[in-house]
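Just below is one structure, and these are the notes that go with it.
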Amino acid sequence: MSHFVPQRMKYEITGACHKCGKCCRYLYCRDVDTENEFKIMQFLYPSYRRFSIIGKDEDNNLVLACKYVTDDGLCSVYKKRPSFCRRYPAKRINYPGKLHEGCGYKVEQKNFQDYLN
Ligand code: SF4
Ligand code: SF4
């Protein structure tokens, strides 16, 4: 699977968050490949200014972390968190998005035949 081609896949999501905070400490920004692109994204969308680049993954994708996650794994701006945080984990995600190891949610990819069934 190439990471140059966005993969939009649909999933069924079950389970619940147990508040480990991993998804706030290690995340990707869709459609952003470089530090300059990320800066432009932060300029255009102020809600992205909460994130900073903490490195790159093995496929050279930028990895981000949010400054509002507490040491306990909680969101310190929970009532004012952005809509993309409220929707997480989304039913549609773009590669290389995936759940963190130990996340309380489970995802199951649904194909066309599943929906027919
Ligand atoms: S990784 Fe999963 S269990 Fe941990 S905080 Fe995020 S959604 Fe909750
Ligand atoms: S705003 Fe809150 S929920 Fe969203 S990434 Fe930051 S700590 Fe996590």
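The values are calculated or read from the model by the stated rules, or taken from the named source; none is laboratory data. Note that the structure is predicted; figures quoted are calculated from it, not measured. Cβ placement follows ideal geometry from the backbone for every residue including glycine, while neighbour counts extend to all protein chains displayed.
General observations
- All positions within region 19-37 that are within 16 Å of ligand 1 (Cβ to nearest atom), farther than 14 Å from Asp57 by Cα and among the charged types (D, E, K, R): Lys19, Lys22
- Residue count for region 19-41 satisfying the condition of being more than 14 Å from ligand 2 (Cβ to nearest atom) and over 14 Å from the mean Cα position of the chain (by Cα): 9.
- Residue check for Lys56: surrounded by fewer than 15 Cβ atoms within 10 Å (Cβ to Cβ), over 19 Å from Lys98 (Cα atoms) and among the basic types (Lys, Arg): no
- Region 59-69, subset surrounded by 12 or more Cβ atoms within 10 Å (Cβ to Cβ) and not in a strand (DSSP E or B), residue nearest to ligand 1 (Cβ to nearest atom): Tyr68
- Within region 27-46, being modelled with pLDDT under 90 and not charged (D, E, K, R) holds for Tyr28, Cys29, Val32.
- Some residue of region 70-89 being part of a strand (DSSP E or B), of a type in the set (Gly, Ala, Ser), within 20 Å of Tyr105 (Cα to Cα) and at pLDDT 90 or above: no
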